[in-house]
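A short worksheet on the structure shown next.
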Amino acid sequence: MILDGKCPTGPIENSWDKYRFEMKLVNPSNKRNYKILMVGTGLAGGAGAATLGELGYKVEAFCYQDSARRAHSIAAQGGINAAKNYHNDGDSVYRLFYDTIKGGDFRAREADVWRLSQVSNNIIDQCVAQGVPFAREYSGLLANRSFGGAQVSRTFYARGQTGQQLLLGAYQALSRQVKAGTVKLHPRTEMLDLVVVDGVAKGITVRNLTTGAIESHWGDAVVLATGGYVNVYYLSTNAMGCSVTAAWKACEKGAYMANPCYTQIHPTCIPQHGDQQSKLTLMSESLRNDGRCWVPKKAEDCEKPVTEIAEDDRDYYLERKYPSFGNLAPRDIASRAAKEQCDDGRGVGPGKRGVYLDFQASIDRVGQPIIQERYGNLFEMYEKITDENGYKQPMRIYPAPHYAMGGLWVDYNCMSNIPGLFVLGEANFSVHGANRLGASALMQGLSDGYFVIPYTIGSYLAGIKPGVITEEHAAFKQSREEVESRIDKFINIKGSRSVASFHRALGKIMWEDVGMARSKESLTSALQAIPKLRDEFWQDVKVTGSKVGRNGQIEDAGRVADFFEFAQVFAADALHREESCGGHFRIEHQTDDGEATRDDENFCYAAAWEYKGVGKAPELHKEPLKFENIKLAVRSYK
Amino acid sequence: MDLTLYVWRQEGPDAKGKLEQYEAKDVSPDSSFLEMMDIVNEDLITSGIDPIELDNDCREGICGTCGCVINGIPHGPQKETTTCQLHMRQFQDGDSITIEPWRAKAFPVIKDLVVDRSALDNIIQSGGYTSAYTGELIGEANNTLIPKPIAEYSMDAAACIGCGACVAACPNGSAMLFTSAKVAQLAVLPQGAVEAAERVEEMTEAMLNAGFGNCSNHYECEAACPQGISVKFIAKANREYIKAQAK
């Protein structure tokens with residue numbers, strides 16, 4: 001099937017304004033009759049729930065965390081982009097649009113990216129009005145810094161805690177609506193099924209993580225803002241509870257998963273310490289403003305202390321390979337370059353899987369106090385984890401799974417192919433193409449939440465009658481029974497291995513065969529290994545304790561079981577995409593000097609996969625991508 | 001390294017709890033405290049015992065989900081460090097470690113080391129925000145200048161991660177450090193100053209209604225805070241409160 005993204009036509013500069021004028025509206029006094037379920041309270045979900053509440057809709061918001069303030073958006077360190085052009089360095093909405101399309105390796109929809117760029121400036125204004133304490137100059141004006149993939153300084157930040165401050169802004173706006181009575185929060189609650197009636201999303205089934213009770217909630221629309229899926233790799237920078245479960249439940253009910261093979265492996269993470277590692281920690285990309293990446297030129301120097309490696313014997317590989325962007329090359333490129341050096345036997349640290357990120361030149365240039373002011377908390381975090389002082393010796397970094405560009409397929413309205421099911425933020429696939437630029441995730445989350453969904457959902461709700469289907473409908477009972485029976489199954493297997501041991505094994509397959517460099521062979525092998533491991537899981541997993549009351553093993557078992565099914569669609573997507581683009585690198589498709597080779601003739605489309613059931617191959621649907629404003633070109637940062 | 005743990009086990013909110021002894025074997029000094037707990041839990045699961053329930057999520061020290069009292073100190077011995085960022089190199093081979101939940105009237109135990117901190121959310125919901133509705137013409141951000149020292153002061157307060165260690169550390173079970181940090185962050189900014197008086201009154205009332213005690217200047221909160229939030233914000237909030245009362 002050929003999918004229609006329902007983008008507005010005509011000049012892109014007016015596309016969003018034109019759409020908003022033409023959309024249907026819900027009368028202010030009618031809004032309170034509509035109930036919207038928001039799943040997830042990160043930047044997209046928190047901002048969306050707060051804004052929909054302000055508009056007068058009845059909103060119920062759900063999160064698995066114990067508070068709406070804790071979603072993993074909170075961990076974003078570096079910043080948020082906006083095209084303010086405060087520094088007169090040539091920025092504009094058009095340039096942000098251009099950088100994002102190019103940064104995404106020409107695999108995103110133009111109209112969606114234009115809208116994102118257009119509202120980016122509103123986001124900064126909004127956050128300042130909420131009391132978000134962005135960094136300031138001595139003049140009292142807002143400060144900016146640079147991020148990868150852009151040659152302008154457009155990133156706003158709050159020390160190394162930008163995500164935290166933006167999320168708290170959204171959480172506070174949400175709290176205000178709780179007090180106003182428009183939003184009801186359900187913390188410690190996990191969505192375990194989507195209820196679809198006659199092809200339309202009408203509610204969800206959830207598990208109360210404190211009592212273990214399975215509950216139904218009806219809504220006139222369901223919005224998923226449930227984040228990304230890179231915990232499929234087991235070790236990633238995501239929080240422990242991040243999963244694909246909510247999105248996957250939608251897939252089981254017919255929603256399409258788009259471009260799952262576009263995953264971001266972030267270049268600046270702290271290397272793994274050993275087998276007991278439970279997750280990886282990211283160091284903000286902003287560090288590459290002042291840190292220089294290098295490895296020794298000679299493999300025999302790798303074990304030597306840094307002080308004994310002469311300047312001439314150091315290979316500043318990003319500056320060498322990409323002179324115009326240098327250390328600020330985009331993430332996919334910087335990650336692959338780091339892997340290349342390590343594969344060449346010139347990595348540093350344990351297992352030689354690491355590269356240096358060196359601040360000495362910047363400390364010499366501006367002094368340690370300035371570096372400390374810019375990144376102090378990151379240096380502290382690095383020292384706590386590694387026991388090394390980043391001011392005195394270079395940091396060691398290595399790429400790690402970080403972000404999912406792929407996600408549920410949505411049209412321009414952020415609505416999936418299931419009417420009434422909307423998807424926001426990282427959980428959808430819409431704007432980052434095959435690679436996301438730094439400081440753009442926060443921008444997308446807040447854009448979708450504050451400025452997109454409040455408009456587009458109205459257009460849908462205006463066309464339906466509110467409250468027609470409630471928990472009384474038989475579909476809710478059936479859904480609860482299915483959820484219950486799966487939980488019983490986990491408990492009754494009584495096997496010998498913990499859930500975590502299966503998750504680690506799945507992660508290993510994914511990292512080695514579906515990781516930074518993929519081939520037909522590795523992907524074929526993964527597609528055999530994953531179902532085998534999945535079958536073992538269903539025969540041998542051990543979940544102790546009761547389904548009543550709190551039991552973290554039931555939560556984990558459900559998430560890992562969903563990762564197994566999702567991982568197969570992921571690998572199938574990577575296998576079918578016979579090109580390299582952005583975060584998807586097929587070793588068969590590269591230039592002589594190791595750069596990605598795109599195939600626009602055959603693969604200039606979004607791949608949306610329809611799940612067909614356990615053990616069956618998913619079906620591919622395509623949405624062709626048109627580039628009418630930015631010419632398809634080889635993406636070069638040289 | 002090998003360690004002996006004494007861990008608080010409690011079936012549910014109304015059950016009686018007690019300390020149980022467990023052994024943690026072959027722990028790498030580079031592992032985090034929670035990775036050490038993972039190893040213990042993995043052993044418990046394979047031997048058919050229910051694992052120790054504890055809240056944690058980001059494991060980067062920012063989400064504020066994790067936290068237990070380690071050898072009598074909320075978040076353990078390392079200064080300005082959350083439980084998840086505490087690493088085993090802070091302990092010696094052969095050490096005994098006592099692990100308990102946050103203990104405060106306002107934080108009922110859910111299970112083992114997991115407590116209910118929704119009282120903190122109630123405080124924010126009472127008024128811990130600016131009443132800025134979402135809108136495109138809310139005002140160009142740079143039209144309101146904010147002196148750098150004010151922005152820095154505000155950020156120092158805003159850094160609170162809402163973990164509740166301050167409450168667990170306080171002999172009165174007070175949430176004054178948490179409450180005052182939000183009061184102070186917003187009160188000094190032009191955007192937040194407008195509602196400062198109502199905010200401090202409502203938040204203080206909500207704090208007391210939620211079962212938290214008041215502040216009697218022990219400063220245990222600041223010592224336990226993983227973000228190093230200063231008690232100077234409590235002084236600021238008290239000042240704001242008196243100003244509001246005088247209005």
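Rule-based calculations on the coordinates, nothing more; no lab input. What you see is a predicted model, and the numbers here were worked out from it, not measured in a lab. Backbone-built Cβ (ideal geometry, glycine too); neighbour counts: all protein chains shown.
For the stretch A:114-231, the relative contact order works out to 13 percent when only alpha carbon pairs closer than 8 Å and six or more residues apart are counted.
Here each label is just a point 7 Å from Cα along the line to Cβ, and for residue A:319 and residue A:634 those points are 2.6 nm apart. According to the square roots a ≥ b ≥ c of the eigenvalues of the Cα gyration tensor, what is the shape class of the stretch A:400-554, taking rounded for a/c under 1.5, prolate for a/b larger than b/c otherwise, and oblate for the remainder? Note, shape of the stretch A:400-554 comes out oblate. Counting Lys and Arg as +1 and Asp and Glu as -1 over every other residue whose Cβ lies under 9 Å from the Cβ of residue A:328, the net charge comes to 0. Would the protein assembly as shown count as rounded, prolate or oblate if I go by the C-alpha gyration tensor, calling it rounded below 1.5 in a/c and otherwise prolate when a/b exceeds b/c, oblate otherwise? Rounded, since a/c falls under 1.5.
Counting Lys and Arg as +1 and Asp and Glu as -1 over every other residue whose Cβ lies under 9 Å from the Cβ of residue A:606, the net charge comes to +2.
Net length available on complete extension from residue A:364 to residue A:392 is 8.9 nm, with 0.36 nm assigned per residue and the Cα-Cα distance removed. Using the rule -39500 (n - 2.57) for each DSSP H run of four or more residues, divided by the residues of chain A, the 222 nm mean residue ellipticity is -11000 deg cm²/dmol. Here each label is just a point 7 Å from Cα along the line to Cβ, and for residue B:71 and residue A:89 those points are 4.7 nm apart. Shielding of peptide B:186-198 by partners, expressed as the average count of other chain Cβ atoms within 10 Å per residue Cβ, is 2. For the pair the stretch A:20-79 and the stretch B:60-119, the centres of their Cα atoms are 32 angstrom apart.
Seen from residue A:318, the other residues with C-beta closer than 9 Å to its C-beta sum to a net charge of +3, counting Lys and Arg as +1 and Asp and Glu as -1. Rounding to the nearest 10 and keeping the result within 0 to 90°, find how far the Cα-based axis of helix A:162-180 lies from the longest principal axis of chain A. Here the helix axis deviates by roughly 20 degrees. Taking every C-alpha pair closer than 8 Å and separated by at least 6 residues, the mean separation divided by the residue count of the stretch B:118-246 gives a relative contact order of 35 percent. Given their separation in residues at 0.36 nm each and the Cα-Cα distance between them, residue A:486 and residue A:465 gain 4.2 nm when the chain is fully extended.
Mean partner shielding of peptide A:551-558, defined as the number of other chain Cβ atoms within 10 Å of each residue Cβ, is 2.
Neighbour counting of Cβ atoms within 10 Å sorts the residues A:226, B:81, B:204, fewest neighbours leading, into B:81, B:204, A:226.
If the cut-off is a Cα-Cα distance under 22 Å, which lysines reach residue B:16, setting aside same-chain residues fewer than 8 apart in sequence? Those lysines meeting the cut-off are A:547, B:105, B:111. If R0 equals 56 Å, the separation of the Cβ atoms of residue A:508 and residue B:242 corresponds to a calculated FRET efficiency of about 0.40.
Within the same chain, lysines fewer than 8 places from residue A:18 are excluded, and of the rest, those with a Cα less than 30 Å from its Cα are A:6, A:31, A:35, A:58, A:84, A:102, A:202, A:465, A:622, A:626, A:631.
Nearest 5 percent is fine: what portion of the DSSP beta bridges confined to the stretch B:3-111 is antiparallel? That works out to approximately 75 percent antiparallel. Counting only lysines at least 8 places from residue B:236 when in the same chain, those with an alpha carbon closer than 19 Å to its own are B:148, B:182, B:247.
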